[in-house]
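Presented below is the structure to which this report refers.
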Amino acid sequence: MIEIQNKNTAIDYEIVREKIIASGLKTVGKASIRELVRLVNEIESATGKKYVRMEMGVPGLTPPEVGTNAEIEALKMGVAAKYPMIDGVAHLKDEIALFVKNFLNIEVSREGCIPTVGSMQGGFAAFLMASKLDKKKDTVLFIDPGFPVQKQQLDVLDLKYETFDVYKYRGEALKDKLESYVAKGNISTILYSNPNNPSWICFTDTELKIIADIANKYDIIVVEDLAYFAMDFRKDYSKPGQAPYQPTVANYTDNWLMLISSSKSFSYAGQRVGMMVISNHLFKRQYSTLEEKFGKAEYGYNMIYKVLYALSSGVTHSAQYGLAAMLKAVNNGSYDFVAEIKEYGERAQIMKQLFTNNGFSIVYDKDEDQPLADGFYFTFSYKDMSGIELLERLIYYGISAISLAITGSERIEGLRACVSQTQRSQFEDLEQRLRLFNQHHS
Ligand SMILES: Cc1ncc(COP(=O)(O)O)c(C=O)c1O
């Protein structure tokens, strides 16, 4: 445990210490997100003090009424009694295809638009399929930093992965770095999130084209994880059918599968309904390995009727109606989903300023030559303190976050902050706590 010199901390020193010991965590700074949630819950209830909670990426906004009302109506219609079609209810498939056209400017057939139990299930299914296509290609490559649970999924599946931190390989430098991994011929899939959890970097079109060229050259499937769809607020991606569009690798390759989550962009995390969108090319692609195993060769058919069938036999019926209603409203322009979630960007801008005013630095701070967007997450460090030490010390000051070390980042000095649970009414507390921390560590 870390020795705290000045015990006059923002939260009662003795109680925090006692709770850390009771948690059984050897190193608080290395704890998983859920372990930190538990520890902070314990301290909050023992001290009665509210933390500035930045450890977990949960939406902090209310879900759109158009979604919840459609779900209620669907339940009243009796959909709960019926098994949903595995490939999704018909009108949802239509709305997903229209959404992809309206907000990404990409044409995709409705058959490749499939609801999943969150993007989490979509990723799991994509990994599972990838492992069955070509025996030589047995490894997933993550462009990190990334979402730790995706690696956990590969561990659960007993599949291999490689990873590198993109921090030093932005722009043209990405090409040689990617080549150095894929040239071995063992990579089936490249996965990244854009905007990125945890760093909030957004790939430029130069970088997306580099990824696409590599995918074409080495016949790799790009899984583009759009968990934070349209949340790069530097550009206005809110108008259906109008540029600018959410950037995507699909502009440069046909080897893609997208995961579009409703959790953050539509504040719909609790309903566990996301979208898997498979390119027309990949959907129709024939694999002899699939034919041997399942009797049919087509990628899309096997994704739906073998993998997704085996995993959950479709997605909660009413949740599909809710998602379809929200998509219909954004597609016809009657609901501006981006206007709702812009609040995250505004909070991030203020919170980043509070940190930098008090001796902290932003770790991932640029997209090539452009300053990073303000959004759901930001990364920070304090002088030359390691992230592990910083995280534990901040707990004594009523601030929680997670270490970048658990996200595949090499920036071990850094922590990730999620802005969604910090209300504006807490900014004053945050400022005071950061100031006190800085005074105690200067
Ligand atoms: C990068 C990334 N991918 C996927 C997910 C999972 O999304 P869902 O809630 O749709 O399963 C998250 C959730 O935090 C995420 O950050």
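Derivation of every value follows stated rules applied to the coordinates shown; laboratory data play no part. Bear in mind the structure is a predicted one, so any value in this text is a computation, not a measurement. Here the Cβ positions follow ideal geometry from the backbone for every residue, glycine too, while neighbour counts run over all protein chains shown.
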**Item:** Hull-based mean projected area of segment 250-368, where the convex hull spans the alpha carbons, in square nanometres
**Value:** 11.5
**Request:** Please list, in chain and number order, the residues 5+ apart from ILE106 or on another chain whose amide H is under 5 Å from its amide H, with Hs placed from the backbone.
**Result:** LYS101
**Item:** Amide hydrogen neighbours beyond the local backbone of THR116, cut-off 5 Å, H modeled
**Value:** GLY274, MET275, MET276
**Prompt:** Highest mean first, what order results for 153-160, 47-54, 252-259, 14-21 on Cβ atoms within 10 Å?
**Reply:** 252-259, 47-54, 14-21, 153-160
**Item:** segment 11-24 - phi-based ³J(HN,Hα) in whole Hz, Karplus 6.51/-1.76/1.60, Gly and Pro as x
**Value:** 10, 3, 3, 4, 5, 4, 4, 4, 5, 5, 4, 5, 5, x
**Request:** Relative to the longest principal axis of the C-alpha atoms of the chain, give the angle of the C-alpha long axis of helix 148-157, reported between 0 and 90° and rounded to the nearest 10°.
**Result:** 50
**Request:** Just the ratio, please: alpha-carbon radius of gyration of the chain over 2.2 N^0.38 Å, N its number of residues.
**Result:** 1.00
**Prompt:** Hey, what number do you get for the chain at 222 nm if only DSSP H runs of n ≥ 4 count, each worth -39500 (n - 2.57), divided across all residues, to the nearest 500?
**Reply:** -12500 deg cm²/dmol
**Message:** I need the peptides 206-214, 137-145, 221-229, 381-389 ranked by packing, meaning the mean over residues of other C-beta atoms within 10 angstrom, with the highest value on top.
**Reply:** 221-229, 137-145, 206-214, 381-389
**Fill in**
Calc'd 3J(HN,Hα), segment 410-416, phi into Karplus 6.51 cos²θ - 1.76 cosθ + 1.60 (θ = phi - 60°), Hz, glycine/Pro = x, comes to 8, 7, 6, 7, x, 10, 9
**Request:** Tabulate in residue order the Karplus-calculated ³J(HN,Hα) for segment 121-130, using 6.51 cos²θ - 1.76 cosθ + 1.60 with θ = phi - 60°, rounded to whole Hz; enter x for Gly and Pro.
**Result:** 5, x, x, 4, 5, 5, 5, 4, 4, 4
**Prompt:** For the residue pair LYS82 and ASP336, what label-to-label distance in nm results when each label sits 7 Å from Cα along the Cα-to-beta-carbon direction?
**Reply:** 3.7
**Request:** Quick one: which residues, 5 or more positions from TYR228 or on another chain, have an amide H under 5 Å from its amide H? H modelled 1.01 Å from N in the peptide plane, none for Pro or chain starts.
**Result:** ASN194
**Asked** What lysines sit close enough to LYS168 to cross-link, taking a C-alpha to C-alpha distance under 26 Å and skipping anything fewer than 8 places away on the same chain?
**Response** LYS30, LYS151, LYS160, LYS177, LYS184, LYS209, LYS217, LYS235, LYS352, LYS366, LYS383
**Request:** Looking at the chain, send over the antiparallel percent of its DSSP beta bridges, to the nearest 5.
**Result:** 50
